[in-house]
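The values are calculated or read from the model by the stated rules, or taken from the named source; none is laboratory data. These numbers come from a predicted model, not from an experiment. FYI the Cβ positions are ideal-geometry reconstructions off the backbone, even for glycines, and counts take in every protein chain you see. Surface areas here come from the heavy atoms of the whole protein model, side chains and all, with no ligands, DNA or RNA. Shrake-Rupley method; radii C 1.70, N 1.55, O 1.52, S 1.80 Å.
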Amino acid sequence: MKLRNVIVINVLAFACVSAMAADARERGFISKGMPEGEVLYRIGKPDHEALIKSIRGQPEEKSWTYFPHTQDPQTLTILTLKAGVVVDIERKIAR
């Protein structure tokens with residue numbers, strides 16, 4: 001039983017690392033006009049989310065921030081979404 005648990009834990013850890021590596025590479029393929037759902041599918045939930053504008057009767061505007069990743073440790077990615085669509089992409093290099 002213990003061996004089975006060790007194997008399951010190792011498989012899950014490997015799957016998590018593989019998913020994180022794929023996410024980091026996918027960040028470079030996010031483009032303007034991409035729907036929010038596709039962004040979530042490709043690179044996952046943001047590390048930080050902020051509301052820019054939320055006025056009744058107008059499209060919501062927000063920013064999603066993805067912190068640097070081990071696969072790309074110097075790049076901070078900030079997406080601006082309006083009405084559920086990417087309208088701006090900013091990649092900042094931190095040294």
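Quick one: if the Förster radius is 25 Å, what FRET efficiency do residue 49 and residue 95 give, using the C-beta to C-beta distance and rounding to 0.05?
On the way: r = 26 Å, r/R0 = 1.02.
The formula returns an efficiency of 0.45 here.
Grab the Cα-Cα distance for residue 25 and residue 40, subtract it from 0.36 nm times how many residues apart they are, and report the gain in nm with one decimal. Mind dumping the intermediate values first?
Numbers: separation 15, 0.36 × 15 = 5.40 nm, distance 1.40 nm.
The span from residue 25 to residue 40 would gain 4.0 nm if fully extended.
Keeping all protein chains in the complex and leaving out DNA, RNA and ligands, what accessible area do you get for residue 91 with a 1.4 Å probe, in Å² to the nearest 10?
Residue 91 has an accessible surface of roughly 110 Å² with all protein chains in place.
Putting +1 on Lys and Arg Cβ atoms and -1 on Asp and Glu Cβ atoms, find which of 34, 54, 78 reaches farthest to the positive end of the dipole of segment 27-95.
Farthest towards the positive end: 78.
For the full complex of protein chains and a 1.4 angstrom probe, list 81, 51, 40, 76 by accessible area with the highest value first.
Details: 81 0, 51 105, 40 70, 76 40 Å².
Largest accessible area first, the residues go 51, 40, 76, 81.
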